[in-house]
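The values are calculated or read from the model by the stated rules, or taken from the named source; none is laboratory data. Treat the numbers as computed from the prediction; the structure is a model and nothing was measured. All Cβ positions, glycine included, derive from the backbone under ideal geometry; neighbour counts span all protein chains shown. Heavy atoms of the whole protein, side chains included, go into the accessibility calculation; ligands, DNA and RNA do not. Shrake-Rupley method; radii C 1.70, N 1.55, O 1.52, S 1.80 Å.
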Amino acid sequence: MSGFFASTRYAVVGASANKSKYGNKVLCWYLQNKISAVPINPTATHIENAACSPSLSELEWAKDRAEMQQTSVSVITPPRASAMVLREAARLGVKHVWFQPGSEPENMKELAKDLDVCVIGNGPCILVDGPSMLNRARL
């Protein structure tokens, strides 16, 4: 878990402009904690004044595997989509993915092990557990 906040780049897959959605709340958590995060949304250009990328593969640094290894990803998508996000992240070199509650793919642990990606899921929420985890990472 501590490796998640050791990254230098962050992306929020499932970011939403709708303030009532968790995809917006999670993005705002990053911004409120002075952590730059790119919202990933295939239909939006900006969310919360941050420029969006349509997918992880289209991040401006996606072709640089070393940069992708320094990217942690929060996921707020339906479980079926989340499995595809995990596969895409692994293919690009991402090493840390946090599935927010309800977004975990059915076979999350097995898939993550097969793909060699560290995952957080099945409970912890960045909105609740993020502050203490971030503080521990900064010590």
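Side notes on the structure shown:
- Flagged links, alpha-carbon separation over 27 Å, of 63/95; 34/95; 19/113: 19/113
- Accessible area per residue, Å², the stretch 82-139 with all protein chains present, probe 1.4 Å: 53 Å²
- Each listed q (0.12, 0.15, 0.18 Å⁻¹) maps to a log10 I(q)/I(0) for the stretch 1-109 from the Debye sum over equal C-alpha point scatterers, namely -0.34, -0.55, -0.82.
- Carbon plus sulfur fraction of accessible area for the chain, probe 1.4 Å, in percent: 51 percent
- For the stretch 115-127, Karplus couplings with θ = phi - 60° (6.51, -1.76, 1.60), whole Hz, Gly/Pro x: 8, 6, 10, 7, 10, 10, x, 6, x, x, 10, 4, 5
- Averaged per residue, the stretch 2-69 has 54 square angstrom of accessible surface, using a 1.4 angstrom probe with ligands and nucleic acids left out.
- Length-normalised contact order of the chain in % [C-alpha pairs under 8 Å, at least 6 apart]: 24 percent
- Excluding the site residues themselves, the longest part of the chain lacking any trypsin sites (Lys or Arg not before Pro) in a DSSP loop with at most 16 other Cβ atoms within 10 Å is 64-139.
- Residue 108 accessible area, assembled protein chains, probe 1.4 Å, Å²: 10 Å²
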